[in-house]
């Protein structure tokens, strides 16, 4: 498996070129993973199953950065290596996944804070 954009998300974005409106997403939630989330975003889910809402700064140059993301209070000891993005705090639609720059070992009761997160769609024509 490889991390990346979900098929449904890619198809929705591409449909804009067919004069089909892309429905805005009311909120985006981050879920933690201990391995590659897979094509459906449901593989290797962390024991910390709570998803936290994320907000973004305005996009520029084909990318956008994290504005806010609440800390995760860990419920077990494990190593977080990936995240996935969802349209809801439970259930919802899988949007995309990404590997962390470096895996983060956490212990039960500790707090994991993600301070930087960048989404980009590149390359940009120059």
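Laid out as a table, the results:
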| quantity | calculated |
| --- | --- |
| Residue in the stretch 100-122 that is surrounded by the most Cβ atoms within 10 Å (Cβ to Cβ), counting only those that are assigned to a loop (DSSP other than H, G, I, E, B) and free of Cβ contacts under 8 Å to residues at least 40 places away in the same chain | 110 |
| Residue match in the stretch 9-23 (condition: free of Cβ contacts under 8 Å to residues at least 12 places away in the same chain and under 19 Å from residue 118 (Cβ atoms)) | yes |
| Qualifying residue in the stretch 46-57 (condition: at pLDDT 95 or above, surrounded by 13 or more Cβ atoms within 10 Å (Cβ to Cβ) and in a loop (DSSP other than H, G, I, E, B)) | yes |
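The values are calculated or read from the model by the stated rules, or taken from the named source; none is laboratory data. As the structure is a computational prediction, the values presented were derived from the model and not from experiment. Neighbour counts run over all protein chains shown; Cβ positions are idealised from the backbone, glycine included.
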